[in-house]
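Novice: Have a look at this one.
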Amino acid sequence: MSADLPPVLIAYADTDTGYRLAQLLRRSERNVIAVMRPRADTALIKKLGCTVERADPTERADIDAVLGAHANHSPEVVCAIGGTPALNTQGNLNIIAAAVEHRVRRFVLLTSVGCGDSIAALDPFVKAFVGKAVRAKNWAEAQVRTTDLDWTIIRPGGMVRRATRGTPILVENPNVSGHINVVDLGDLIFQVLNSPSTIGRTLTAVDDARASDIRGEPLIPAEL
């Protein structure tokens, strides 16, 4: 893998997941455009050799400016934003629309277990707290499916931060529920970017030791 490949634009790169993905891409000599929140500390991401851009995804003009500035390089886009209702709704939709307008081809969208046909896999107790966020991410999934982008949707389980790494896997099964380390999730996104066979597929990202099929079926890793 080399810098001859298109750069990867990561929004947001100032999360644990985004930073891990940037690390892996730079180690493989891929150029990275790290989209950061307006007040985020850029010191660590700059040490990796990434190009840093600041943008508020809820402002369409910000996203157009970033993608427009790099359109000649045809970047692949990883949309990994989340948090506030505005980010989960308008932020995701702005990035999808701007990617279409600026003729992006490869597009990876992070949503959540509970979106679309995985609704049954979301614990009712958890749904009571994150239902609005899941619905917003569901809109983003529905929107990206209407485009001609070479999209992949990744639905992470519950995100955990712990010192020890786990055994992350991708499964093509909407009935799987569980958790995943935020750093391990970056590893899985990297695998997806390196696998053209994931285009047009929806994958669940979980830790093999912290997940289960709600029907009691074994977990079968997706073939990438």
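Novice: Indicate, rounded to the nearest 5 percent, the antiparallel portion of the DSSP beta bridges found entirely in the range 8-213.
Specialist: Beta bridges within the range 8-213, antiparallel portion: roughly 20 percent.
Novice: If you don't mind, another one. Based on the Cα gyration tensor of the range 1-63, what are the three equivalent ellipsoid semi-axes, each the root of five times an eigenvalue, rounded to whole Å and given largest first?
Specialist: 20, 13, 9
Novice: Defining a contact as two alpha carbons under 8 Å apart and six or more residues distant in sequence, what relative contact order in percent does the range 20-115 show?
Specialist: RCO, the range 20-115: 24 percent.
Novice: With charges only on Cβ, +1 for K and R and -1 for D and E, what is the dipole size of the chain about its Cα centre, in debye, rounded to 20?
Specialist: Dipole of the chain, to the nearest 20 debye: 440 debye.
Novice: Right, here's the next one. Take each of the peptides 192-205, 33-46, 106-119, average the number of other beta-carbon atoms within 10 Å over its residues, and list them starting from the highest.
Specialist: Ranked by mean Cβ neighbours within 10 Å, highest first: 106-119, 192-205, 33-46.
Novice: Hey, with R₀ at 30 Å, roughly what FRET efficiency would residue 142 and residue 208 work out to, going by the Cβ-Cβ distance, to 0.05?
Specialist: Efficiency, from the Cβ-Cβ distance: 0.55.
Novice: Only residues of the range 194-224 count here: report those whose backbone N is under 13 Å from the spot 7 Å along Cα→Cβ of residue 120, or say none.
Specialist: 213-217
Novice: Gain in length, residue 162 to residue 194, computed as 0.36 nm per residue apart minus the alpha-carbon separation, to one decimal in nm?
Specialist: Here the answer is 8.9 nm.
Novice: Here's another thing I want to ask about it. So who's got an amide H within less than 5 Å of the one on residue 106, skipping anything under 5 residues away but keeping other chains? H placed 1.01 Å off N, in plane.
Specialist: It is 77, 150, by chain and number.
Novice: Taking the Cα centroid of the range 51-65 and of the range 103-154, what is the distance between the two, rounded to the nearest whole Å?
Specialist: Measuring centre to centre over Cα atoms gives 21 Å.
Novice: Residue 203's amide H: which non-local residues (gap 5+, or another chain) put their own amide H closer than 5 Å, with H modeled 1.01 Å from N in plane and none for Pro or chain starts?
Specialist: Here the answer is 153, 154, 155, since their amide H atoms fall under 5 Å of that of residue 203.
Computed from the coordinates by the stated procedures, all read-outs in this text should not be read as laboratory data. Since the structure is predicted, the reported quantities are computational estimates derived from the model, not experimental observations. Please note: Cβ atoms are built from the backbone with ideal geometry, for glycine as well, and neighbour counts cover all protein chains shown.
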